Amino acid sequence: MEGDIGGEVPCSSFAVDSALRAGLIWGSCTGSLEATKLGLTGITRASFVAKSAGRYGIQWGLFATVLSFTRCGLQRYRGQHDWVNPVVAGAVAGTVIGASARNWKQAAGVSGLVCALYYAAEDAT
């Protein structure tokens, strides 16, 4: 996601873009990795990767959608581009995704930390 969000593009556009990118890329990578671990080849591998890409793509896409939409909304609401936006957005996205897990607080904390590190790396460039 771009560092400075202008007022002319709606947050929903960023969310859809992030969902498609994360869903397609991470879904395909995760599905392919799982197929390799299982030792699948040929048609069975292709079928497994397609199904896994869909399943993981939805999960990663949901995470990316919540993260992007929250970060964009916070940045517009607060009018500032600082470390608070990605950390809060990461915590919210981690909570949403981790709600089905046993320890959703841990998922929220880790997501917030990862987003803070991403912001630091993005800001350094």
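Pick out the one residue from S47, S100, S68 that is surrounded by fewer than 19 Cβ atoms within 10 Å (Cβ to Cβ), in a helix (DSSP H, G or I) and small (G, A, S). Don't jump to the end; show me each part of the working.
Working: S100 fails: in a helix (DSSP H, G or I); S68 fails: surrounded by fewer than 19 Cβ atoms within 10 Å (Cβ to Cβ).
Criteria check complete, one pass: S47.
Out of G94, G42, report the one residue that is out of contact with any strand residue (DSSP E or B) (no Cβ under 8 Å at 6 or more places or on another chain) and on the phi > 0 side of the Ramachandran plot. Give the steps one after another, and end with the answer.
On the way: G94 fails: on the phi > 0 side of the Ramachandran plot.
Checking each option against the conditions leaves just G42.
Scan segment 46-66 for residues that are among the hydrophobic types (A, V, I, L, M, F, W, C) and modelled with pLDDT under 85 and jot them down. Can you show your working first?
First pass over segment 46-66, keeping only residues among the hydrophobic types (A, V, I, L, M, F, W, C): 46, 48-50, 53, 58, 60, 62-64, 66.
Result: A53, I58, W60, L62, F63, A64.
Only one of D17, D82 is acidic (D, E) and under 16 Å from the mean Cα position of the chain (by Cα). Can you tell me which? Write out each step before concluding.
Numbers: D82 fails: under 16 Å from the mean Cα position of the chain (by Cα).
Answer to the check: D17.
Just name the residue that is farthest from S28 (Cα to Cα) out of those in segment 46-75 that are β-branched (V, I, T) and touching a residue at least 24 places away in the same chain (Cβ under 8 Å).
V66
Looking at L40, L74 in this structure, which one is part of a helix (DSSP H, G or I) and either hydrophobic (A, V, I, L, M, F, W, C) or surrounded by fewer than 13 Cβ atoms within 10 Å (Cβ to Cβ) (or both)?
Working: L40 fails: part of a helix (DSSP H, G or I).
Step by step, each of L40, L74 is checked, and only L74 is part of a helix (DSSP H, G or I) and either hydrophobic (A, V, I, L, M, F, W, C) or surrounded by fewer than 13 Cβ atoms within 10 Å (Cβ to Cβ) (or both).
The values are calculated or read from the model by the stated rules, or taken from the named source; none is laboratory data. All figures in this text were calculated on a predicted structure; none of them were measured in a lab. Please note: Cβ atoms are built from the backbone with ideal geometry, for glycine as well, and neighbour counts cover all protein chains shown.
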